[in-house]
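**Student:** Just passing along the structure, written as structure tokens.
The values are calculated or read from the model by the stated rules, or taken from the named source; none is laboratory data. For clarity, every value in this text was computed on a predicted model and none was experimentally measured. Here the Cβ positions follow ideal geometry from the backbone for every residue, glycine too, while neighbour counts run over all protein chains shown.
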Amino acid sequence: MESPFHRRCSRSLRDARQANPSRPPVTVGFMSIPPQGDSAGTQNVCALPVANSASGGGKSSSDSHGTALLGLSVGGMAVSDNPPPNTTILVPGIGSVTLNEQTCDGGSALPCSGTTSSGITVRAIHVIVDNPNATGVPQGADIKVGEAHADSSHP
């Protein structure tokens, strides 16, 4: 029997497909994250990064419509579902976690657009470990969970 959490994640996937059937979501996943290595506290996370891009009529644009991030906690604190783009949380003694990370091609600011081309990279979760720590994750680790990219161009 499917849990309420799995139904919410499946609904997010279905909604993203219905919103734009020609550009289905790139990634969906259920992950079990054992906090502090304790499998008794396993947490389910739904990460669904979506990147869309279109060009025509003298303009190009890219967006993350359909992206979903559900059931996450960082540093033992619950995070609201579907956080705003580029939500960064500092984790003392570890580094940083960026949720719903969105970067436009060429480094321009959101929303991503251009006259002849546009592109976007969307990462559900991006962890950067800046500090030595007791978790066993090496300092300097750059961990990306769920990434999607789309770009478009026209003459």
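**Student:** Looking at the range 108-142 only, could you name the residues that are surrounded by 12 or more Cβ atoms within 10 Å (Cβ to Cβ), closer than 18 Å to Pro85 by Cα and not polar (S, T, N, Q)?
**Tutor:** Residues satisfying the conditions are Leu110, Pro111, Cys112, Gly119, Ile120, Val122, Arg123, Ala124, Ile125, His126, Val127, Ile128.
**Student:** Would you say Val50 is surrounded by 12 or more Cβ atoms within 10 Å (Cβ to Cβ) and either acidic (Asp, Glu) or modelled with pLDDT of 80 or more (or both)?
**Tutor:** Yes: the conditions hold for Val50.
**Student:** Okay, moving on. List the strands (runs of 3 or more DSSP E) that sit entirely inside the range 106-155 and contain at least 1 residues that are under 25 Å from Ser73 (Cβ atoms) and acidic (Asp, Glu).
**Tutor:** Those strands (runs of 3 or more DSSP E) span 142-153.
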